[in-house]
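The structure under discussion appears below in the form of structure tokens.
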Amino acid sequence: MMDLYLRVGSVTDKDVMLEVESYIIAFALHCFDHQPVKVHYYMEVLEVTPLIHCCPAILDGWTKTDRPDSIVCTQKCPVTLVSKSERLTVLGLCSILRATLYKSSTKDSSNIASKLLGFRQGCLMAPAEASVWTQFCEVDMPDALKAILEWHGDRWSIPIALLRFDVHLSLPARIHNVRKRAQELSLCDSSPSTNVLGLSDNLHTYAEGPDMVLSDLILFSLFSVFRNLCGTDILNQNIPRVMEWYRKCVQVEPKFNKVSEMVLKVKKLKFSKVEIPTFEEQSIYKRDPRRYKPSNRIFTRQEDVDQVLGMFPIDVMIPYTEKEEKGYQLEWNSLSRHITPHDYLPTKRLERKMQQLENMVSAVMNLCQPGSIIVDFCSGGGHLGIILAALLPSNTVILVENKEESLKRARQRAMSAHIRNLDFYQSNLDYFDRPFDIGMALHACGMASDLVLQKCISHQASFVICPCCYGSVSPANSAVYPQSQKFKRYISGSEYIVLAHSADQTHDEEHPKTLQGRLCMQAVDSDRLFSAEELGYAVQLSRMTPPGSSPKDHVLVGIFSKL
Ligand SMILES: C[S@@+](CC[C@H](N)C(=O)[O-])C[C@H]1O[C@@H](n2cnc3c(N)ncnc32)[C@H](O)[C@@H]1O
């Protein structure tokens, strides 16, 4: 049994006000039998978020509760799914709906939950950070709706997300099991590729192709609100393919429409003029080669690197703390084989992974106090977090990872080794908001290292971070570069990006660019550490031992004294 906690803005006899994500999940749950998932709702006063006006029927059959202390909902994440027995928490719209469908699915071919999960239960499996399509369903479309809900004035502009969806429906479908389908439709003749194309061209009936899946349900719930707000005339004129898709969904799954009529109280907006914005027509599927335009790639020129490296005094960087050549060594033989990397990595990578883990474990053990709560951010399959939990049985270790498959592997490993002091969060790291004392991350890619750093700072937690993929950082709302006041005095955001790109040029020791790459790595990580030092942390930068453990071998330590 799993428990789902839904945050609700307000409830009266006649009205319920819901945040967009709460609404989508509530809508979806009325469309299939979710018996293994018990739904609870709790009220919280919400001042800033746009809310959707619903009928009380949207909460029918669910239990009103006070928010349990263990449920910490961030602004971005108003719904939490918990499996107490598995010590698992799931956060994020698509992950929650996938986990609920998974629990509710059966082998029965008429089971709608199984159908919505799609081919090999893969619909919307990749996290939004890794998939353009999940990003579209989980972020872009809900954001477009939030923008309309907050709209005032009499000129109204059709959301680009809706126009993109309309274009998307005109493009060839992505069909996974195309050969089987072609056989089923008796289309398979001597030229399979022709059939594949023919089939693809014809079958973009639903959001992902010929079958109705979870993405259709999410988009349907959103589109029902757009339809109420805008009226059908404007939508028929400007996004005819979306309207056709909508009618097809209503026809094939009348339940969707019944739910929409039962729950929505949203009224039509009044506007005098509608504008159609221009936008770039590109696919919303992940691997559309047209998205990767060479002209859009950023190339770092040597003269730019030279110039930026000359803009700040070299002694502004944090020097490396010397460590013993051999470093800390774990007693690998004393650990269960389930939790060491031996059976999970090829021999070539194994030794280096063991060295990386020894460096991280040693740094965290130095900071750990009895009872400290430790979080392994971007835990992947749990190499680091599970070993620490085994070594520190009286501490709690929390694994936070947004890839379903990786976290599943971590849970299986911990279960096989009977390690119980672990909690698992299938979650984007920015949704995670439980209190903790030490945050760690091994090879958190690009900006993820900065998000981990920010998360630790906001919780006044100490940290041990080994960053990687320096070149993939890019300025966004959540991270502004440089991060420290110290570096802001010398370089701008675009100059910082030059440093970050060059920091990835750490090839083997003999390579002519390696020295420069290392210098840039040191500059980027000095900036990261200064940003923590400026907020009261004692900081340290060191390199893993022995040399060669990893090309990305920096260990950033920040100690926050809560006294
Ligand atoms: C290079 S792997 C490192 C995995 C693990 N720490 C290790 O050393 O084996 C980075 C991991 O971070 C996860 N990740 C990246 N961005 C994330 C985010 N914003 N929230 C949660 N996990 C994230 C990825 O899914 C991936 O599993």
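The values are calculated or read from the model by the stated rules, or taken from the named source; none is laboratory data. From a predicted model like this one, the values you see are computed outputs, not experimental measurements. With ideal geometry, Cβ positions are generated from the backbone for all residues, glycine too; neighbour counts draw on all protein chains shown. Accessible surface is based on the protein model in full, side chains and every heavy atom, while ligands, DNA and RNA are left aside. Shrake-Rupley method; radii C 1.70, N 1.55, O 1.52, S 1.80 Å.
Computed quantities for the displayed model
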read-out	value
Any pair with Cβ under 8 angstrom, 6 or more apart, that starts in the stretch 434-463 at a residue that is on the phi > 0 side of the Ramachandran plot and ends at one that is in a helix (DSSP H, G or I) and near the ligand (Cβ under 9 Å from one of its atoms)	443/356
Filter pass, residue 514 being in the same structural domain as residue 318 (by TED's automatic domain parsing) and in contact with a helix residue (DSSP H, G or I) (Cβ under 6 Å, 6 or more places away or on another chain)	no
Any hit, the stretch 486-505, residues being open to solvent by 30 Å² or more (accessible area, probe 1.4 Å) and within 16 Å of the ligand (Cβ to nearest atom)	yes
So residue 248, is it under 25 Å from residue 60 (Cβ atoms) and surrounded by fewer than 22 Cβ atoms within 10 Å (Cβ to Cβ)	no
The listed residue being assigned by TED's automatic domain parsing to the domain that holds residue 258 and open to solvent by 30 Å² or more (accessible area, probe 1.4 Å), out of 49, 63	63
Unique match (being at pLDDT 90 or above, within 29 Å of the chain's Cα centre (by Cα) and under 30 Å from residue 212 (Cβ atoms)) among 283, 260	260
Flag for residue 59 being without any contact (Cβ under 8 Å) to a residue 60 or more places away in the chain and touching a helix residue (DSSP H, G or I) at 6+ places or on another chain (Cβ under 8 Å)	yes
Residue in the stretch 473-480 that is under 24 Å from residue 339 (Cβ atoms), touching a residue at least 12 places away in the same chain (Cβ under 8 Å) and within 13 Å of the ligand (Cβ to nearest atom) present	no
Single condition residue 408 does not satisfy, out of (1) in contact (Cβ under 8 Å) with a residue 60 or more places away in the chain; (2) within 23 Å of the chain's Cα centre (by Cα); (3) within 13 Å of the ligand (Cβ to nearest atom); (4) open to solvent by 20 Å² or more (accessible area, probe 1.4 Å)	(1)
Strands (runs of 3 or more DSSP E) contained entirely in the stretch 32-149, each with at least 3 residues that are modelled with pLDDT of 95 or more and closer than 23 Å to residue 433 by Cα	37-43, 79-83, 88-91
Residue ID - nearest to the ligand (Cβ to nearest atom), chosen from residues in the stretch 352-385 that are surrounded by 24 or more Cβ atoms within 10 Å (Cβ to Cβ) and among the β-branched types (Val, Ile, Thr)	375
